[in-house]
Structures are given as structure tokens and as C-alpha cells.
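Report on the structure given below.
The values are calculated or read from the model by the stated rules, or taken from the named source; none is laboratory data. Values in this document were obtained by computation on a predicted structure and should not be read as measured data. Backbone-built Cβ (ideal geometry, glycine too); neighbour counts: all protein chains shown. Surface accessibility is based on the protein's heavy atoms, side chains included, excluding ligands, DNA and RNA. Shrake-Rupley method; radii C 1.70, N 1.55, O 1.52, S 1.80 Å.
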Amino acid sequence: PPAHSRNDWIGPPDKHSNLRPVIFYVPPEESALERRLREARQEAQACDQRFWAGHNRAFSQEKEEFIFSRLKAKGLERRDETG
């Protein structure tokens, strides 16, 4: 964000977690309480990022395994380059 910005900046969705990262504005004369709140928000954001990235990765893998198990149960296999 530009140096003169006085707002939080929200980025595009992360490709693993689908969460939009936030760059928090730090006021020049931030009080101790404001700092604690900002740091707590940053910690929560980092925790959410880790959780959802791991959850989405596991979901995609289990979804793929489920689809292939259902195809195999029907006697079908994965498609190769020739279809």
C-alpha cells in the first residue's frame, strides 16, 4: 500500500485458502491497546490461513480419491491422453 494510506488493504484471494489477505494499517501514534488489537487480528488471520489452506488441500485430495473409487467400483479407470 502507498505510504499515505490510512486504511487496511485487502488483497486477492489466496489460491490455497481462498481467504483474502489483509495488510493492516499501523497509525503513527498507535496506542498499546490498538497495537494489541491489531496483533490479535493478525494472529487470527494467520491461524485462519493455515486452517483453511490445510482443510482445502485435504478436501481436494479426498474428493479426488472418492471420485476414483466410485469410477473403479463401476469398472471405469482414469482417462489417459487418448481419452
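Below, the figures for the structure above:
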{"quantity": "Accessible area expressed per residue, the stretch 31-75, with surrounding protein chains retained (probe 1.4 Å, Å²)", "calculated": "86 Å²"}
{"quantity": "Straight-distance crosslink candidates among aspartates and glutamates, where the alpha carbon sits under 17 Å from LYS72 and sequence neighbours closer than 8 are dropped", "calculated": "GLU62, GLU64, ASP80"}
{"quantity": "Translational D in µm²/s for the chain (Stokes-Einstein at 20 °C, 1.002 mPa s, Kirkwood Rh from C-alpha pairs)", "calculated": "131 µm²/s"}
{"quantity": "Value at 222 nm in deg cm²/dmol, rounded to 500, when DSSP H runs of n ≥ 4 in the chain each add -39,500 (n - 2.57)", "calculated": "-19000 deg cm²/dmol"}
{"quantity": "Cut-off of 10 Å, at most 11 other beta carbons, DSSP loop: longest stretch of the chain lacking such trypsin sites (Lys or Arg not before Pro)", "calculated": "16-73"}
{"quantity": "Whole-percent carbon and sulfur share, accessible surface of the chain, 1.4 Å", "calculated": "55 percent"}
{"quantity": "Under 23 Å from LYS15, Cα to Cα: lysines that are on another chain or at least 8 residues apart", "calculated": "LYS63"}
{"quantity": "Label point distance in nm, ARG70-ASN7, each placed 7 Å from Cα along Cα→Cβ", "calculated": "4.3 nm"}
{"quantity": "Selection from PHE59, CYS47, LEU71 lying farthest towards where the dipole of the stretch 31-75 points positive, charges on Cβ", "calculated": "LEU71"}
